[in-house]
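Let me begin by presenting the structure, written as C-alpha cells, before commenting on it.
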Amino acid sequence: MNITTLVAATNNKGKIREILQLLPIGVELKTLADIGFVQDIPEPYETFEENAAVKAKTVHAYCGQNTFAEDSGICVHALDGAPGVHSARYAGEPKDDGRNLVKLADEMWGKEDRKAYYKAVICLVWNDKEYYFEGTCNGRLAEEPRGSGGFGYDPLFIPDGYEETFGELPAEIKNKLSHRGQAVNKMIEFIKEQTK
C-alpha cells in the first residue's frame, strides 16, 4: 500500500488531534516538529484564505512535501464578526485559549443576540498547486463556558440542533458537525481521488 505523506502546517495540538481522527488509512501526517520547522509564520491578513495560504506555502517551500494549513475562527454576530481571523490572538500575545475564552464571554455579557459561527479554510499545496476547502458550523454562544472537551472557544459554542457546547459533546459528534471536520473531509476526498 502506498503511503501518502502530508505535512500539517500547525503546532496546535488540538487541531492535530482532530485531524488525525479524520484521516484515512494510508495518509501519514507529519507535524512541523517532525520536519524540524521552528519559525513563527506571521498571519497578517484579514481573511482566513490568505492566512491559510501563507502558512501552507511557507512550509511547503521549506520541506518540498505536500502541505496543508488551516486557518479558522469564530465569528460572532453581535460583535460584527469578531473575533474572526483574530480568534487565536483575541486577548493579545502570547496567544492563550483561556484568556481568549474569558474575553469573549465578558464581551458577550448581557447581549441577547448570541448567534455565532465557526469557519475553517484549508489551503492544500498538492504537487505544487494550491487547493482550498472550507467548512462552516452555525450555532450560538452559551452564557458561560461549559465542558472541558475540544479547545479554543468550544466550551462557549453550541452548534445548531444541540443544547450542549462543543466542550461537552463527544469528539466524534463534534468532528461530524464542525467547520474543521467539514473542511478536512473535503480535503480527504480530494486526496483520495488524487491517490487512486
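Using only DSSP helix segments of four residues or longer, with each worth -39500 (n - 2.57), what per-residue ellipticity at 222 nm results for the chain after dividing by its residue count and rounding to 500? Intermediate values should be presented prior to the final figure.
Values: 6 runs with 64 residues, N = 196.
Roughly -10000 deg cm²/dmol at 222 nm, from the helical runs in the chain.
Quick check: net charge around residue 22, other residues with Cβ under 13 Å of its Cβ, Lys/Arg +1 and Asp/Glu -1? List each step's numbers first, then the result.
Details: positive: 15, 17, 174, 176, 180, 186, 192; negative: 18, 70, 172, 189.
That works out to +3.
Would you work out the charge dipole size for region 1-152 about its Cα centre, treating the Cβ of every Lys and Arg as +1 and the Cβ of every Asp and Glu as -1, and quote it to the nearest 20 debye? Numbers along the way, then the final one.
Working: 17 positive and 23 negative charges, 69 e Å.
Charge dipole of region 1-152: 340 debye, to the nearest 20.
Give the cross-link partners of residue 115 among the lysines, using a straight C-alpha distance below 23 Å as the criterion and excluding same-chain residues fewer than 8 apart.
Counting by Cα, and skipping residues close in sequence, residue 115 has these lysines nearby: 103, 174, 176.
Of 38, 194, 145, whose Cα points farthest to the positive end of the dipole of region 4-194 (charges on the beta-carbon: +1 Lys, Arg; -1 Asp, Glu; origin at the Cα centre)?
194
To make sure I understand, if each residue's beta carbon is the centre and we count other beta carbons within 10 Å, what order do 23, 124 fall in, fewest to most?
Values: 23 17, 124 23.
Result, fewest neighbours first: 23, 124.
Could you list 119, 30 so that the one with the fewest beta carbons within 10 Å of its beta carbon is first and the one with the most is last? Write out the running numbers ahead of the final one.
On the way: 119 23, 30 16.
Ascending number of Cβ neighbours within 10 Å: 30, 119.
So how do 135-145, 11-21, 47-57 stack up, highest first, on mean other-Cβ count within 10 Å? Spell out each step's value before the answer.
Values: 135-145: 17.8, 11-21: 15.5, 47-57: 20.7.
In decreasing order of mean packing, 135-145, 11-21, 47-57 become 47-57, 135-145, 11-21.
Listing 190, 37, 166, 133 from the residue with the fewest other Cβ atoms within 10 Å to the one with the most, what is the order? Please list the in-between numbers first.
Values: 190 15, 37 18, 166 27, 133 21.
Lowest count first: 190, 37, 133, 166.
Taken together, the values in this text are just the output of simple stated rules run on the coordinates, not laboratory data. This one's a predicted model, so the numbers in the text were calculated from it and none came from an experiment. Methodologically, a virtual Cβ is constructed for each residue, glycine included, from the backbone with ideal geometry; neighbour enumeration extends over all protein chains shown.
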